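Notes to accompany the following structure.
The values are calculated or read from the model by the stated rules, or taken from the named source; none is laboratory data. Computed from a predicted structure; not experimentally measured. Cβ placement follows ideal geometry from the backbone for every residue including glycine, while neighbour counts extend to all protein chains displayed. Areas reflect the complete protein model, heavy atoms only, side chains present, ligands, DNA and RNA absent. Shrake-Rupley method; radii C 1.70, N 1.55, O 1.52, S 1.80 Å.
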Amino acid sequence: MAKKQFKAESKRLLEMMINSIYTQKEIFLRELISNASDAIDKIYYKALTDDRLVFNKEDYYIKITADKAARTLTISDTGIGMTKDELENNLGVIAQSGSFAFKKENELKDGHNIIGQFGVGFYSAFMVADVVTVISRALGSEEAFKWESKGADGYTIEPAEKETVGTEIILKIKENTEDERFDEFLEEYRLKAIIKKYSDFIRYPIKMNVTGHRPKEGADNEFEEYTEEQTVNSMVPIWRKNKSELTQEDYDNFYFEKRYGFDKPLKHIHISADGAVVYHAILFIPESTPFDYYTKEYEKGLELYSNGVLIMNKSPELLPDYFSFVKGMVDSEDLSLNISREMLQHDRQLKLIAKNIKNKIKAQLQSMLKDEREKYEQFYKSFGRQLKYGVYSDYGAHKEDLQDLLMFYSSKEKKLVTLEEYVSRMPEDQKYIYYATGESIERIEKLPQTELVSDKGYEILYFTEDIDEFAIKMLMTYKEKEFKSVSSADLGIEPDAGDKPSDAEESGNKELFEAMKSILADKVKSVKASKRLKSHPVCLSAEGEVTIEMEKVLKAMPNNQDIKADKVLEINVNHEVFQSLKDAYARDKEKLKLYTNLLYNQALLIEGLPIQDPVDFTNDICKIMV
Ligand code: ADP
Ligand code: MG
């Protein structure tokens, strides 16, 4: 029998498979099962249009048989089969289309092996087999043919015997090598696991002979081995079921089976879309933060199925970064025909699905916020930080999507509130949305800077996370209201008339403040009478864009550029301490220096900023004690 040569492209793909160092060789089974399922689909569709054909569901299945002694693994189906020409054309001339060129290019470019992520097809059998034999009889034909190949040097086709319509693929499994075990592809449990993993939701039964042990009849404590044909796959995927058929427990079990997380999901979203793109999806919002979530090891993504066949474990394109906590899967029929062949085309479909999914997640979160506040707060505790990163990232491109999902602790409500809630209860004379930053709620409560705003009866949002202020700066406004830090130089609040110093007083103070400023030199931009302090003697505020809190965050970053806020030391002229300052200014310049330094360092401490020289500071304190 004359050996025929593979077409050049096919040969290259084949060589790639044979020499594949890809660790996930197990996907060959997925590929062959998916081909078998396609072949049954074809007969099914034919039966729909051809009255002479009847499709009896029981007659259609895929069978997997392992023979350890012969080292063969057989995948047979009762699908449409192939004629001699089809064997030649379909198996001899594979991958002429764009997708192969695409795959190769990518593989070469970044060394990233995409085999195993997308449909690689029939030739993947050569990753595990030395010889591949295909015996097929096409629907409507009396004769069968055998196609056989040992790899890149070609294939043979000859007549064969086959009783029934369909295809049988026999793999002669490779011998184990030093580095690799191929034996496992003959092991029942392993094959079962592979089928479960990738092909659980194939619509037709995947049968296998499974051995078990049972008590021997008539004999105590004796067992016998028996073999029984089992259907390994569950066939109907949960995501294709009607929502009304499913219970919360079904979803929870699915989440657990899939190992999306070890917690219980907080919420699930079941989508069956048949608009511009047709897809099914089950998405989960986890309850707790995965331990690696806020690290760069964490990989976002959803499982991607094409018509029930898993083609990608984590498709990152399906989720925006700010929703990277979402787990789950997407199954689309629209991807099925294109996925392995027309990569670029399917890309468009994926984008559509991704956009759709993003909107669904957003809507789900919004309704949770509205109707299940407690649950939402729990979610927010775990993933709120990611939403804030989302507002900040990409130069604020997603802020419209996210701003209504944000929450901050409120000075008035003593709990988390939304921006919408804040703005809706702002008194008419309040110009800004006020916020205060600090390490914790307790610390912020004690911040002197909050006094005036609180006294005015205005609500203050507490920012306790590094990202908070950055995100808000990106937001700039909410419902046309600007955000204002309680530490900013101008609060937009006029002090009550009684608190205002007279002009004479003010010019007298000015000299004192200038003297203090020259003592502190460039540590501060200026020293001035505070308009916001009520009971505290001093505080720091910042002029310009960089706030004191931002300075702290930036300082903590690697390769920080030593960006500093323009600090203003504010003095409460109604405080007793001010009298001491005035006395010192009039009588004792050394004392003024001592007091000024003390007050400045106190202000730093209140802000949680480091004191430049703690020893000097403690010495200063001792000086006033003696
Ligand atoms: P794809 O499935 O993406 O078309 P494959 O390399 O997996 O690419 O298969 C190539 C072709 O071989 C299929 O399109 C199909 O026509 C044919 N084929 C493979 N396996 C079978 C089978 N079990 N029954 C019938 N036809 C098959
Ligand atoms: Mg295929």
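Details
- Flag for Glu421 being part of a helix (DSSP H, G or I) and surrounded by fewer than 22 Cβ atoms within 10 Å (Cβ to Cβ): yes
- Meets criteria (acidic (Asp, Glu) and touching a His at 6+ places or on another chain (Cβ under 7 Å)) for Glu249: no
- When the residues of segment 4-25 are filtered to those that are open to solvent by 20 Å² or more (accessible area, probe 1.4 Å) and within 23 Å of Glu168 (Cβ to Cβ), the one that is farthest from the chain's Cα centre (by Cα) is Lys4.
- Restricting segment 546-557 to residues that are in a loop (DSSP other than H, G, I, E, B) and without any contact (Cβ under 8 Å) to a residue 24 or more places away in the chain, the residue that is nearest to Ala436 (Cα to Cα) is Val546.
- So Tyr255, is it under 20 Å from Ser332 (Cα atoms), assigned to a strand (DSSP E or B), open to solvent by less than 60 Å² (accessible area, probe 1.4 Å) and at pLDDT below 95: no
- Within segment 63-81, the residues that satisfy the criterion of being aliphatic (A, V, I, L, M) and either open to solvent by 30 Å² or more (accessible area, probe 1.4 Å) or part of a helix (DSSP H, G or I) (or both) are Ala66, Ala69, Ala70, Ile80.
- Every pair of residues 6+ apart whose Cβ atoms lie under 8 Å, when the first sits in segment 72-84 and is on the phi > 0 side of the Ramachandran plot and near ligand 1 (Cβ under 10 Å from one of its atoms) while the second is assigned to a strand (DSSP E or B) and among the charged types (D, E, K, R): Gly81/Arg137
- Residue in segment 41-62 that is within 11 Å of ligand 1 (Cβ to nearest atom) and outside any helix (DSSP H, G or I) present: yes
- The residue pairs whose first member lies in segment 26-40 and is near ligand 1 (Cβ under 7 Å from one of its atoms), whose second member is open to solvent by 20 Å² or more (accessible area, probe 1.4 Å) and at pLDDT 90 or above, and whose beta carbons are closer than 7 Å, counting only pairs six or more residues apart or on different chains, are Ala39/Ile80.
- Among the residues here, Asp200 does not qualify as among the acidic types (Asp, Glu), open to solvent by 50 Å² or more (accessible area, probe 1.4 Å) and within 30 Å of Ile285 (Cβ to Cβ).
- Selection count, segment 127-166, where residues are open to solvent by 10 Å² or more (accessible area, probe 1.4 Å) and not aromatic (Phe, Trp, Tyr): 25
- Of all residues in segment 558-588, those satisfying the criterion of being within 16 Å of Lys623 (Cα to Cα) and free of Cβ contacts under 8 Å to residues at least 40 places away in the same chain are Ser580, Ala584, Asp588.
- Here Met1 fulfils each of the conditions (1) part of a loop (DSSP other than H, G, I, E, B); (2) under 26 Å from Pro159 (Cβ atoms); (3) open to solvent by 70 Å² or more (accessible area, probe 1.4 Å); (4) assigned by TED's automatic domain parsing to the domain that holds Phe185 apart from (4).
- Residues that are more than 16 Å from Lys197 (Cβ to Cβ), over 14 Å from the mean Cα position of the chain (by Cα) and surrounded by fewer than 22 Cβ atoms within 10 Å (Cβ to Cβ), drawn from segment 296-334: Asn307, Glu333, Asp334
- Against the numbered list (1) modelled with pLDDT of 50 or more; (2) in a loop (DSSP other than H, G, I, E, B), Tyr123 comes up short only at (2).
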